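First the structure, in the form of structure tokens, and then the observations on it.
Any read-out appearing in this document is the output of simple, stated calculations on the displayed coordinates, not a laboratory observation. All of these numbers come straight from a predicted model, not from anything done at the bench. Ideal geometry is used to build each Cβ from the backbone, glycine not excepted, and the neighbour counts take in all protein chains shown.
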Protein chains: 2
Amino acid sequence: MLIPTLRKVGAEAEMASHRLMLRAGMIRQLAAGVYTYLPLAHRTLYKVEQVVREEMNRIGAQEILMPALNPSELWRETGRWDTYGPELITLQDRHERDFLLGPTHEEVITDLLRNEVNSYKRLPMSLYQIQTKYRDERRPRSGLLRGREFLMKDAYTFHADRETLDQAYQGMYHAYERIFTRLGLDFRAVEADSGAIGGTENHEFMVLADSGEDTLTLCDSCDYAANIETARVGGHEGEKSRPVAEEISTVEKVSTPKASTIEQVTKMLDISPHRLMKSLLFDVDGEPVLVLVRGDHEANEVKVKHALDADQCELADEAVVQRVTGAPSGFAGPVGLKEKVRIIADHAVRDLFDAVTGANEADAHLLHVTPERDFQVDHFADVRTVQEGDPCPHCGGTLRFSRGIEVGHVFKLGTKYSEAMQATFLDREGKEQPLIMGCYGIGISRLAAAIIEQHHDDNGITWPLTAAPFAVHLIAVNMKDENQARLAEQLYGQLVQNGLEVLFDDRQERAGVKFKDSDLIGIPLRITVGSKAAEEVVEYKIRRSGESGHLSAQELSNQLPELLKQVDG
Amino acid sequence: MLIPTLRKVGAEAEMASHRLMLRAGMIRQLAAGVYTYLPLAHRTLYKVEQVVREEMNRIGAQEILMPALNPSELWRETGRWDTYGPELITLQDRHERDFLLGPTHEEVITDLLRNEVNSYKRLPMSLYQIQTKYRDERRPRSGLLRGREFLMKDAYTFHADRETLDQAYQGMYHAYERIFTRLGLDFRAVEADSGAIGGTENHEFMVLADSGEDTLTLCDSCDYAANIETARVGGHEGEKSRPVAEEISTVEKVSTPKASTIEQVTKMLDISPHRLMKSLLFDVDGEPVLVLVRGDHEANEVKVKHALDADQCELADEAVVQRVTGAPSGFAGPVGLKEKVRIIADHAVRDLFDAVTGANEADAHLLHVTPERDFQVDHFADVRTVQEGDPCPHCGGTLRFSRGIEVGHVFKLGTKYSEAMQATFLDREGKEQPLIMGCYGIGISRLAAAIIEQHHDDNGITWPLTAAPFAVHLIAVNMKDENQARLAEQLYGQLVQNGLEVLFDDRQERAGVKFKDSDLIGIPLRITVGSKAAEEVVEYKIRRSGESGHLSAQELSNQLPELLKQVDG
């Protein structure tokens, strides 16, 4: 069997899963972000696929297979041919027609359904595929966690109404919970931003791992969980500004030469950052909007966008800042703007009496600025990035941060694609309506790597039984010893006959090499045939817990079901 | 379930499998030669894959998965980057590095093995994958029989010696026989040319079908079978030329103005074509070679190439013909050449006493030309294309032609790739040797189509059980009838519980529509719940034989195993 284990790998493999999959002889890189899956990896991928397949079939999703080669025409209909960016791999065929290698299949499946399903009677419909996808990452890294060619399960549901979309979404959500649970993962479903795919409600499924590149926000009291990009801050619902205390002085301008950052201002004026009111000018769908957050908080573009129900939102450029505030960046404030703009303030700004803001004048700030008294806020909203320790929006508990790896994503797409592609159906009244859609992805190859991120120790991988390439690792310490060879061969036959997947190490290697490889590969249960073979006694060892003991060959067959139940403990 | 059956399809779908897969709602075209597999097709492909997988695993081949995205560097090492031609789909990544979409994986796997296997101790090794392949056919057609994106099983074996290659080749050959037999196919393994992949011994597995684009040569007495491109002609082994009869006149030149083709010459001289000796000048690895065949035979480039153990062989261009023969094409002959060249003659030329040949002079031919007397032949060989009725090279029986679809190919590659890529191992003596290779392919998606080519009738597909999307098609004639609905639901539950794959047609459609769709889709066994539902009686019908009868619901469960045994009859 081709399991080319390695003692060492290059320093570029930083993530545990990347390092261990290389070392355990599971994968080899063919090009940056492009991997060959060797037999052990293939077996794990196959098991992961089967778990996904079973849970998809269980909720009535039908398996299909769409091509990786997508004609550009469909992607031009939705505009993504131009907007998807350099991650889209494109090519021309021999007749110079444009194609792309699908990074996702909304266009192809929407095209299929607009041709084949025209009536509400055929809805809802749920389809999925397990297929190879392509994304030309700028810096592919982390092994299977971020590749350029990778395996995905993508599902799409189509509906005549929002109710069945909600049901399908819930069904997928629970199927995803079952999949990740069966694969032995500690995960959270978090509220997330919809990003480039578009749509409304959506959740990411995150495997908790310190090595993950995403930051999750989790409540320590309830089950609230969100991606840091969209996590809401609690404790502000229905809140009103307190009346302004009469003793607050009137606004006063002070000179703050060259102090354009929070650090410089707080140092120069000897105040703490939470006394400062940060004023940022955003370009929201072409209109300048002033966003106010407390000095120790960060404004969050995604939240600003959502608060204003906008399509585009980014920091305004310097020319706009100059025009609206009359000053360079770093000196903006809500009092004395040169141009009337909408002012959106974070909830925390309500309580910012007697604050410091920019003076809309170079090298100057204002003291004693107070909302409602000195300027009007058009809209209070949650527009800042959550911080550890903030209150939970659901229960008021305390929010904590955690690192995670995104392994799944469920989206309510709505009619974004069906409208762009005129994918319609006739409703009960015979009226043409756009199909309502949901889409649901799981990164199959990434999932295999995420399992390793959560299940490994200093010696190697500690596979959960459901994803392990084999259930049992049978080692004959010395195949030249007649008793050992005989007993090992006999056990191998028995175990396989009992339907177990057994990796049998009958190599002529030193015992130390065999055990080291075994720990590295991480098969859940190891059976060693060694010096006690003459007495028909073997040793078992549970890879994860390290628990071990001796058993007669006969006891082994009886104990095996029990032992296999313990391997994930 | 998404089974969008059609009553009619466009005229461009000429092949039965193409037409029926479209009509049965199995596939839809996304672009020329690029198809989406809908649920029924996916189920069939999955079954075909599982049969292939089982037989590959049985002979100890290990499943892996290689990327479709191949870096150009490896293909430059073997030269195929430049020689593969326009069927190779190429692209550049965002860093403008050249990639291709693999039409086959010799380069990638040879690269893998040269890095991971360095000793004879690790050999032989057998690896396979089931993976999507790409070939930019000029005119993709025939549905899944010739696509641009298609599913393949490709296996590769690596050896330290020829003996284990021979064993592996035999093992694969027999595994292929089992696979095609299990899938209910009438097929022949035929000797074939190695084509662009290179190598020595190889066989194609052909499914017999009148619609096939390959011509097979089969012996009517023994099991000899070959592709027409390479089929040998028997009856010449050990043959010697007969002594030249004394009464044959000496060579005589006659005028044959403008008669440069066989038809023109035979007409002008009023002789039958088999009295003519056709003389063709080939360019063989850069050297001009005169090839002689009888006037009613066709010279075969592949055979000429093999007879001379050459790499390249094609008709010489006009300039070379002029130089060597002193005449334009159509007037060449073995007597009186201007330049000395090798003369290769087909065995049938031995007996061509008193023949007509070109005179190596425009508008002139020679009469009474006789081999050995008037010119010397350097080498007699089998260099003509076989004709129906020719003798079998094995048993002397009669060769017949038949049409077929190539579904598999086994090759002894030898060291073609390992030498080009310096993929070596250390042998027992510690000496570096190139890996000896074999490669073995099965077109998975093409196989699904080939099964239909062999198994269909006027009403639709007649799946063999092993490849059928479902085993049983359960039809409730009228779901509004309480008895029918109840009995059908009950049977469905029972059948599924017994582990059977059941397609349940519970649509509100007319009975005629349901039966037509059922015949079209071609599930092997149909169970109809109709007017006798009140008496708990159902009808069964075997799709292929048309055999039908009535059974009580209870008898059905007992009879089912027996019925399923009969469906392929």
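Going through segment B:3-55, which trypsin sites (Lys or Arg not before Pro) have at most 15 other Cβ atoms within 10 Å and a DSSP loop state?
Here the trypsin sites (Lys or Arg not before Pro) that fit, given the DSSP loop and packing criteria, are B:R7, B:K8.
If you consider only alpha-carbon coordinates, what radius of gyration and Dmax does the protein assembly as shown have, in Å?
Expressed in Å, the Cα Rg and Dmax of the protein assembly as shown come to 37.3, 140.
Nearest 500 deg cm²/dmol is fine: what mean residue ellipticity at 222 nm does chain A get from its DSSP H runs of n ≥ 4 alone, each adding -39,500 (n - 2.57), divided by its residue count?
-8000 deg cm²/dmol
Whole-Hz Karplus ³J(HN,Hα) for segment A:73-87, in order, using 6.51 cos²θ - 1.76 cosθ + 1.60 and θ = phi - 60°, x for Gly and Pro?
Each residue's phi maps through the Karplus curve to give 3, 5, 6, 6, 4, 8, x, 6, 4, 8, 9, 5, x, x, 6 Hz.
So, in Å, what gap is there between the alpha-carbon centers of segment B:269-298 and segment A:69-115?
First find each Cα centre; the distance between them is then 53 Å.
Placing the label point 7 Å from Cα along the Cα-to-Cβ direction, what are the distances from B:R76 to the equivalent spots in the other copies, shortest first, in nm to one decimal?
Sorted ascending, the copy-to-copy spacings read 3.3 nm.
Treating only the Cβ atoms of Lys and Arg (+1) and Asp and Glu (-1) as charged, compute the dipole magnitude of the protein assembly as shown about its Cα centre; round to the nearest 20 debye. Mind dumping the intermediate values first?
Working: 130 positive and 180 negative charges, 187 e Å.
Its charge dipole is roughly 900 debye.
As I understand it, the value is the acute angle between the Cα axis of helix A:511-521 and the longest principal axis of the Cα atoms of chain A; what does it come to in degrees, rounded to 10?
40
Positive end of the dipole of segment A:252-381, charges at C-beta (+1 Lys, Arg; -1 Asp, Glu), about the Cα centre: which of A:V289, A:A381, A:T357 has its Cα farthest in that direction?
Working it through, the farthest residue towards the positive pole turns out to be A:T357.
Quick check for me: using +1 on Lys/Arg Cβ and -1 on Asp/Glu Cβ, what's the dipole size of chain A about its Cα centre, in debye to the nearest 20?
Charge dipole of chain A: 1500 debye, to the nearest 20.
Starting with the fewest neighbours, write out B:C392, A:C222, B:C313 ranked by other beta-carbon atoms found within 10 Å of each beta-carbon.
The order, fewest Cβ neighbours first, is A:C222, B:C313, B:C392.
Stokes-Einstein at 4 °C, 1.567 mPa s, Kirkwood radius from Cα pairs: D for segment B:23-69 in µm² s⁻¹?
On the way: Rh = 12.8 Å.
Answer from the Stokes-Einstein relation: 101 µm²/s.
What is the spread of the Cα atoms of segment A:3-87 along each of their three principal axes, largest first, in whole Å?
Principal axes ranked by extent give 51, 37, 19 Å for the Cα atoms.
For segment A:363-487, report the % of Cα-Cα distances exceeding 24 Å.
Of all Cα-Cα distances in segment A:363-487, 72 percent exceed 24 Å.
Closest to the A-onto-B rotation axis, which residue of chain A has its Cβ, and how many Å off the axis is it?
Here the nearest residue and distance are A:L91, 2.
Quick check for segment A:470-566: number of Lys pairs with alpha-carbon distance under 17 Å, counting only pairs 8 or more apart or on different chains?
Eligible lysine pairs with Cα atoms under 17 Å apart amount to 6.
Send over the semi-axes of segment A:470-566's equivalent ellipsoid, whole angstrom and largest first, taken as the square roots of 5 times the C-alpha gyration tensor eigenvalues.
Semi-axis lengths for segment A:470-566 are 18, 16, 12 Å.
Could you tell me the center-to-center distance, by alpha carbons, between segment A:328-342 and segment A:363-397 in angstrom?
If we compute the Cα centre of each part, the gap is 17 Å.
For chain B, give me every cysteine whose Cβ has no other Cys Cβ within less than 4.7 Å, ordered by residue number.
B:C313, B:C439
Taking +1 at the Cβ of each Lys and Arg and -1 at the Cβ of each Asp and Glu, which of A:N70, A:V369, A:A11 sits farthest along the dipole of chain A towards its positive end, judged by Cα position relative to the Cα centre?
A:A11
For q = 0.10 Å⁻¹, what log10 I(q)/I(0) does chain A give under the Debye formula with an equal point scatterer on each alpha carbon and no solvent?
Debye output, listed in q order: -0.97.
Name the aspartates and glutamates eligible as straight-distance cross-link partners of B:K153: C-alpha to C-alpha under 17 Å, and not fewer than 8 places from it in the same chain.
By straight Cα distance, B:K153 reaches B:E49, B:E54, B:E55, B:E63, B:E106, B:E107, B:E177, B:E204, B:E406.
Any idea what diffusion coefficient segment A:51-192 gets from Stokes-Einstein, in µm²/s, Kirkwood Rh on alpha carbon pairs, 4 °C, 1.567 mPa s?
Using the Kirkwood radius from Cα pairs, D works out to 76 µm²/s.
Please get the size of the charge dipole for segment B:252-381, origin at its Cα centre, with Cβ charges of +1 on Lys and Arg and -1 on Asp and Glu, quoted in debye to the nearest 20.
Using only the charged Cβ atoms, the result is roughly 340 debye.
Shielding of B:93-102 by partners, i.e. mean partner chain Cβ atoms within 10 Å per residue? Please report the intermediate quantities before stating the final value.
Numbers: counts 10, 9, 4, 0, 2, 0, 5, 1, 5, 0.
If you average over the peptide's residues, the count of other-chain Cβ atoms is 4.
Compute the separation of the alpha-carbon centres of segment B:507-557 and segment A:19-36 and state it in Å as a whole number.
Going from one Cα centre to the other spans 52 Å.
Place the label 7 angstrom along Cα→C-beta at A:E314 and in each other copy, then list the distances from the first to the rest in nm, shortest first.
Listed shortest first, these distances are 5.3 nm.
Any idea which of A:A307, B:Y169, A:T462 is furthest toward the positive side of the dipole for the protein assembly as shown, if Lys and Arg beta-carbons carry +1 and Asp and Glu beta-carbons -1?
A:T462
Got the relative contact order for segment B:429-493 handy, in percent, Cα pairs under 8 Å and 6 or more residues apart?
The normalised contact order for segment B:429-493 reaches 15 percent.
Could you line up B:L269, A:L165, A:L292 from fewest to most neighbouring Cβ atoms inside 10 Å? Before the final figure, lay out each step's value.
On the way: B:L269 15, A:L165 22, A:L292 28.
Listing B:L269, A:L165, A:L292 from fewest to most nearby Cβ atoms yields B:L269, A:L165, A:L292.
Once both axes come from the Cα atoms, what is the angle between helix B:553-566 and the longest principal axis of chain B, in degrees from 0 to 90, rounded to 10?
With both axes taken from Cα atoms, the answer is about 10 degrees.
Whole-Hz Karplus ³J(HN,Hα) for segment B:429-435, in order, using 6.51 cos²θ - 1.76 cosθ + 1.60 and θ = phi - 60°, x for Gly and Pro?
Once θ is set to phi - 60°, the couplings for segment B:429-435 become 8, x, 9, 6, 9, x, 4 Hz.
Considering only DSSP states other than H, G, I, E and B, which trypsin sites (Lys or Arg not before Pro) in segment A:328-376 qualify as loop sites with at most 16 other Cβ atoms within 10 Å? Intermediate values should be presented prior to the final figure.
Working: sites: A:K338, A:K340, A:R342, A:R350, A:R373; in loops: A:K338, A:K340, A:R373.
Taking segment A:328-376 and a limit of 16 other Cβ atoms within 10 Å, the loop trypsin sites (Lys or Arg not before Pro) found are A:K338, A:K340, A:R373.
From the phi angles alone, apply the Karplus equation (6.51, -1.76, 1.60; θ = phi - 60°) to segment B:168-184 and give each ³J(HN,Hα) in whole Hz, x where the residue is Gly or Pro.
Whole-Hz 3J(HN,Hα) from phi for segment B:168-184: 4, 4, 4, x, 5, 4, 6, 4, 5, 4, 5, 4, 6, 5, 4, 8, x.
For B:E12, go 7 angstrom from Cα along the Cα-to-Cβ vector, then report the distances to that same point in the other copies in nm, smallest first.
Shortest to longest, the spacings are 4.4 nm.
Between 0 and 90 degrees, rounded to the nearest ten: what's the tilt of helix B:482-497 against the longest Cα principal axis of chain B?
With both axes taken from Cα atoms, the answer is about 60 degrees.
Tell me, Kirkwood radius of segment B:252-381 from alpha-carbon pair distances, in Å? Intermediate results must be reported in sequence, preceding the final value.
On the way: mean 1/r = 0.0697 Å⁻¹.
About 14.3 Å for segment B:252-381.
When a/c is below 1.5 the answer is rounded, else prolate if a/b is larger than b/c, else oblate, so apply that to segment A:389-431 with a ≥ b ≥ c taken from the square roots of the Cα gyration tensor eigenvalues.
Details: a/c = 4.91, a/b = 2.51, b/c = 1.95.
Cα axes put segment A:389-431 in the prolate bin.
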